[in-house]
Amino acid sequence: MPIRVLNPQVVARIAAGEVVERPASVVKELVENSLDAGSSQISVEVKGGGVSLIRVTDNGAGIPSGEVELAFDRYATSKIGNLDDLESISSLGFRGEALPSIVAVAQVDMVTCATDERAGTYLSLRDGVIAGQRSQGRSQGTTVMVRSLFRKIPARLKFLKSVATENGHIANVVSQYALAFPEVKFSLFLDGRVALRTPGSGRLIDSIIEVYGVEVAENMIELKGEATAPSPRVAGMVGSPKVSRSGWGYLSFFVNRRWVNSRPLARAVEEAYHGLLMPGKHPIAVINISLPAQEVDVNIHPTKSEVKFRNERAVFSAVYRAVRQALTEQVPVPQVEAAVTKPIFPSATRGSLSTSTTDIAPSPAPSPTPAASLPVLRVLGQLDNSYIIAEGPDGLYLIDQHAAHERVLFERIEHQRSRREIEIQGLLEPMTLEVTPRQEALLLSHYQDLAEFGFAIEPFGDRTFLVRAVPALIYNKDWSGMLRELLDSLSEEGDRGDWAEGVARSMACHSAVRAGQALTDAEMRELVQQLEQSATPHTCPHGRPTMIHLSSGQLKREFGKT
Ligand code: ADP
Ligand code: MG
């Protein structure tokens, strides 16, 4: 094919792909426009996971009737005018790409009325071109309706997940902006149901109550901005170590109130919690970093969700200091001591064991096709309160107690579920489970499926569920943490993988003995015996190895004997 310039329709669709990845991207762009317009009330209505309808209504500045059509042109924006403006962006939008991108992949209607105008304007766009325009009454503000998203782009449509998952992403976007703008009244309706409503009081804690629930809100600690160092200023709230979570999804960062993803910032916060959280736990934090617009470049990605700081080190250390200071004033450090090692082997032996394992056992199973079943093993002791040392007919076995127990429980749960034999434990009093809007969307579509695993859960309104019974296996464990983690993993993984298997895996993980837990000889023997009977003893349900096997031959080679 000869070289040709693509026709404008193709160009528009390619460009749209960078901005509009999924329904939640549309919600993000429209909410950002409403915020840029100075709205104090923003309502988001969604049907069918955002594919059927997304309607965002605000009471912001509106668009003057003479400019409505122009707003849908590519690179048309009222927010910046020249190159200098690009150096110091104070609005959320500035690229003039969102409306044209949405129009390229959906049917769009807009009604808007600007300040000082008596009548508003209605504009409708079909397949990227204006299909109708007239004046229409409306109070000041803008409503954008997006219908049939991706209908003409089967490739995109195919990659969308279930309605529940897309709703989860949308709920997350609105939640994040509700946290960033506590002075704005947000409401989110998913298929007619209120998923989130914030009071717009201007107090961050009120938004946190709505997004994360009262229990979390009661355990949030306010960051004190450093008065002496005006830039960067770090404000917001972080969770006390008591309300940590198992996922990463509870860290919200805003730079000049723009919601951003940043691994380095997450690391700075995580570092500040060093020694305060149990292994595998992550903090909850809502942090806004304010700094002069010239100090940060927001123009590095079409979705504007990543930023570059001129002085990264200064920003990260300001975040670290602010969080650490808030935490140390609240909790004595360190709260969680490293697990004390039980001296089973003299230290010299342990040392040589650990060096040799790094050489010998980087792969999960030493032989390419490990024998499916385990030989009978003799327990020798426990290492680091985490590993069981055992001897078999052919050498030494180092068994990860948590991973091994997970494997055993996983098979037991799957077996019992298939026979409808899961033991259920009723709660003396029903307990409530508060979830985030995103988790709610998922739990609403899955709570009935949880019954076969022994959970009796019902919706209780207002992002709360009533739990009447739980599987006996995790009755004494952190089952609410397990449910939250399960929902988070569902939204992260989308709909991949088998849902039932995910539940069984999550239950097994939360009921299994932890690393750092001392076991009696009898407990270790029992666990090893159960593992011997497992169908696939070498890996945990997540696919990680349960054990390292050093054969007698490998040991001899290590010690230089032939
Ligand atoms: P950008 O936000 O980058 O400027 P958009 O394509 O999102 O680009 O929007 C184009 C223009 O339309 C904006 O610059 C703004 O002037 C106007 N606009 C869009 N949405 C709204 C709204 N909800 N209220 C007022 N003006 C809006
Ligand atoms: Mg915009």
request  = Return yes or no: is Glu97 acidic (Asp, Glu) and either free of Cβ contacts under 8 Å to residues at least 60 places away in the same chain or surrounded by fewer than 20 Cβ atoms within 10 Å (Cβ to Cβ) (or both)?
outcome  = no
note = If we keep only residues of the stretch 101-139 that are aliphatic (A, V, I, L, M) and part of a strand (DSSP E or B), then the residue farthest from ligand 1 (Cβ to nearest atom) is Ala131
inquiry  = Suppose the filter is among the basic types (Lys, Arg) and either within 21 Å of Ala404 (Cα to Cα) or in a loop (DSSP other than H, G, I, E, B) (or both); does Arg484 pass it?
reply    = no
query = Under the condition of being under 31 Å from the mean Cα position of the chain (by Cα) and crowded, with 19+ Cβ neighbours inside 10 Å, which residue from the stretch 74-93 is farthest from ligand 2 (Cβ to nearest atom)?
reply = Ile89
request  = Return the pairs, sorted by first residue and then second, in which the second residue is part of a helix (DSSP H, G or I) and within 13 Å of ligand 2 (Cβ to nearest atom), the first residue lies in the stretch 59-81 and is modelled with pLDDT under 85, the beta carbons are less than 6 Å apart, and the residues are 6+ apart or on different chains.
outcome  = Arg74/Pro100
task = Go through the stretch 46-100 and give me each residue that's within 12 Å of ligand 1 (Cβ to nearest atom), in a strand (DSSP E or B) and of a type in the set (A, V, I, L, M).
result = Val56
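Going by what's in this entry, would Glu485 be described as under 25 Å from the mean Cα position of the chain (by Cα), within 28 Å of Gly426 (Cβ to Cβ) and free of Cβ contacts under 8 Å to residues at least 24 places away in the same chain?
No: the conditions fail for Glu485.
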key: Selection within the stretch 469-481 - of a type in the set (A, V, I, L, M) and not in a helix (DSSP H, G or I)   = Ala469, Val470
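The values are calculated or read from the model by the stated rules, or taken from the named source; none is laboratory data. Owing to the predicted nature of the structure, the values given are computational and were not obtained by experimental measurement. Backbone-built Cβ (ideal geometry, glycine too); neighbour counts: all protein chains shown.
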